[in-house]
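To start, the structure under review is shown below, and the notes come after it.
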Amino acid sequence: MKKFLCSFAFLISTVISFGQVNDNEKQTALSLIKNHQAQLGFSISDIENSDISSTYLNSTSGIRMVYLTQMYKSITVFNKMQVIAFKNNELVSFTGNRVSNIDQIVNIKSGIPSISATNAVQSVINDLKLSTKSLIQPTLQSNGKLNFGNLNISEVDIIAEMVWLPISEKNVVLTWQIEIAPLKSVDHFLIRVDALSGKVLNKNNYTVYEKLNDIKKANNKHEHSSAEIFTTNQLVHQQSPSVVSSASYRVIPFPAESPLHANGAAALVTDPWNLAGGNATSLQWHFDGTAYHDSTRGNNVWAQEDRDNNNINGKGATSSTAQPSLTFDIAPDYSVAPTTTNFQRFATTNLFYWNNLMHDLTYNYGFDEVSGNFQNSNQGRGGLGSDYVVADAQDGSGTNNANFSTPVDGSKPRMQMYLSTYTTPNRDGDIDNGVIAHEFMHGVSNRLTGGPANSSCLSNAEQGGEGWSDY
């Protein structure tokens, strides 16, 4: 498989930049790189023309991860980064590559674009067949990017930055990279526009689509028990004071994959955060660091139905009992349409339950705050918060599919689960736990492969994300 390591670094004014990396962390990473410069094959110029987009110490493995992105004239070289791992001050892993002799093959030697960011944004709007009133004057952000706001056409602010785009081994083109997520769309794009001509050159999508049939075939072919995931030494619970002291959920319980699999009957489980404990569940499941919720919302996920496909926070399942003891006990009736109110509440509860389980499981294997996990509040443990999973149940944008969109750390990912056209109990993806887990793991692999600041590294045809999610 071809290596596909990429970059999404910050545009700044110095030759070597370090984005939002903590100064102490930056110096630790830089010292390790310099101490192993010969092993890494770096010249002094290589190090100077780089950006440490992310670095952190994985507390589970004791490994220091360093994500080093190539720069030229203070502009990121898209898709060119090296991922380096150190343990006990020794180099243990190194992958990725750089563009050689970049100064000789760039199309604009000065690094100054011929068209403005405004014109580039207009080219993207035209390419996506959107329409808006006159573009506003962009705001310059502290990281050097230009913010155009959402222009009433995007779910996120439209952001522009310059990046070098390698077209071939002998051609590197200066472009404007535009981030946009069109309203009522599952897509969240990074689109690169030629800074000379204004032509859209290429794009990649933070959203990974699935086909439910393919996932089912993979699941049926590779039967495995999820019971192996939580080991006995993880069954530790650290109680914290909270307004919600207990909660019960009727769900397709761990480790069952779906209603069609062994032990897949809906069952009532109480305080499932006890499976993980420790820092993974120090806020339990219904406190987001600011407020307590009596619905399917908390620090790790906000699960809600989105039948109208407006991607606006919809109705979550609500507890039938008041705090401090919550109850989500809706028995599913598989003979009725899944869009009936009670079934929706059951499905949304299951979606909430499994997203939280995946959060807790991956946390205890090292996908924590500093590595870019999904939490509203990071509780002062590093990384960027405000990025819980927005989990859309019974999403109205399609059928027989599912998707997961993973922007960079600090921006909310979105999971969209669809209804299917099957006549079995699995006609709602929200109760197919294998699909939920698969989608969640796309978010994990996207945040880990290029680091929390680079989540566009798994968008080519030969990337490993699908296999990792299946595993």
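By the scheme Lys and Arg +1, Asp and Glu -1, what is the net charge of all other residues having a beta-carbon under 15 Å from that of Ser248?
Numbers: positive: Arg250, Arg345; negative: Asp271, Asp294, Asp329.
Local charge sum for Ser248: -1.
Determine the dipole magnitude for the stretch 339-471: charges of +1 sit on the beta-carbon of Lys and Arg, -1 on that of Asp and Glu, nothing else is charged, the reference point is the Cα centre, and the result goes in debye to the nearest 20. List each step's numbers first, then the result.
Values: 6 positive and 14 negative charges, 49 e Å.
Using only the charged Cβ atoms, the result is roughly 240 debye.
Using the Karplus curve 6.51 cos²θ - 1.76 cosθ + 1.60 with θ = phi - 60°, what ³J(HN,Hα) values do you get for each residue of the stretch 131-138, in whole Hz, with x for Gly and Pro? Calculated HN-Hα couplings, in order: 9, 7, 6, 3, 5, 6, 5, x Hz.
Enter the accessible area per residue of the stretch 365-444 (Å², integer; probe 1.4 Å; all protein chains in place). Working shown, then result.
Values: 1900 Å² over 80 residues.
Accessible area per residue: 24 Å².
Under the rule of at least 5 residues apart or a separate chain, name every residue whose amide H is placed under 5 Å from the amide H of Val301. Placed amide hydrogens put Val389 under 5 Å from Val301. Less than 5 angstrom separates the built amide H of Asp428 from those of Ser420, all sequence-distant by 5 or more or on a different chain. Here are some pairs, Lys80/Lys145; Lys133/Lys315; Lys203/Lys315; Lys80/Lys184; Lys133/Lys199; which of them have Cα atoms lying more than 24 Å apart in this structure? Table pairs above 24 Å Cα-Cα are Lys133/Lys315; Lys203/Lys315; Lys80/Lys184.
Using the Cβ atoms and a cut-off under 11 Å, what net charge is assigned to the surroundings of Phe42, where Lys and Arg are +1 and Asp and Glu are -1?
Working: positive: Lys34, Arg98; negative: Asp46, Glu48.
Here the count lands on 0.
Accessible surface area normalised per residue over the stretch 255-357 is 38 Å², counting heavy atoms of protein chains with a 1.4 Å rolling probe. Counting only protein heavy atoms, what percent of the accessible surface of the stretch 230-374 is carbon or sulfur at a 1.4 Å probe? Here carbon and sulfur together make up 53 percent of the probe-accessible area.
Take each of the peptides 184-193, 48-57, average the number of other beta-carbon atoms within 10 Å over its residues, and list them starting from the highest. Don't skip to the answer; put the middle values down first.
Details: 184-193: 20.8, 48-57: 23.6.
Packing proxy ranking, top to bottom: 48-57, 184-193.
Using the Cβ-Cβ distance between Ser45 and Leu130 with R0 = 41 Å, the FRET efficiency computed as 1/(1 + (r/R0)^6) comes to roughly 0.45. When each of the peptides 385-391, 329-335, 134-140, 25-31 is scored by how many other beta carbons lie within 10 Å of its residues on average, the order from highest to lowest is 385-391, 25-31, 329-335, 134-140. The string of couplings for the stretch 280-293 from the Karplus curve (6.51, -1.76, 1.60, θ = phi - 60°) is 4, 9, 5, 9, 6, 10, 10, 10, 9, x, 10, 9, 9, 10 Hz, one whole number per residue in order, with x for Gly and Pro. Couplings 3J(HN,Hα) of the stretch 416-423, computed from phi: 10, 9, 10, 6, 10, 9, 6, 9 Hz, in residue order, whole Hz [Karplus 6.51 cos²θ - 1.76 cosθ + 1.60, θ = phi - 60°; x for Gly and Pro].
For every other residue with a beta carbon closer than 15 angstrom to the beta carbon of Thr132, add +1 if it is Lys or Arg and -1 if Asp or Glu, then tell me the sum. List each step's numbers first, then the result.
Details: positive: Lys129, Lys133, Lys184; negative: Asp127, Glu155, Asp157.
So the surrounding residues net to 0.
Remark: the chain carries a charge dipole of roughly 1020 debye about the Cα centre, counting +1 on each Lys and Arg Cβ and -1 on each Asp and Glu Cβ. Among (i) 1.00; (ii) 1.35; (iii) 1.23, find the value of Cα Rg over 2.2 N^0.38 Å that was calculated from the structure presented, and write down its label. From the options (i) 1.00; (ii) 1.35; (iii) 1.23, the structure gives (i). For the chain, relative contact order (Cα pairs under 8 Å, six or more residues apart, normalised by length) works out to 13 percent. Close amide-amide hydrogen proximity is noted between Asn378 and Gly385, Ser386, each under 5 Å apart and 5 or more residues distant or on a separate chain (H modeled in the peptide plane; Pro and chain starts excluded). Per residue, the chain reaches -6000 deg cm²/dmol at 222 nm when only DSSP H runs of four or more residues are counted, each adding -39500 (n - 2.57).
The values are calculated or read from the model by the stated rules, or taken from the named source; none is laboratory data. The model shown is predicted, which means the values in this text are computed figures rather than measured ones. Counting neighbours? That spans all protein chains shown, and the Cβs are built from the backbone with ideal geometry, glycine included. SASA here: full protein model, heavy atoms, side chains in, ligands and nucleic acids out. Shrake-Rupley method; radii C 1.70, N 1.55, O 1.52, S 1.80 Å.
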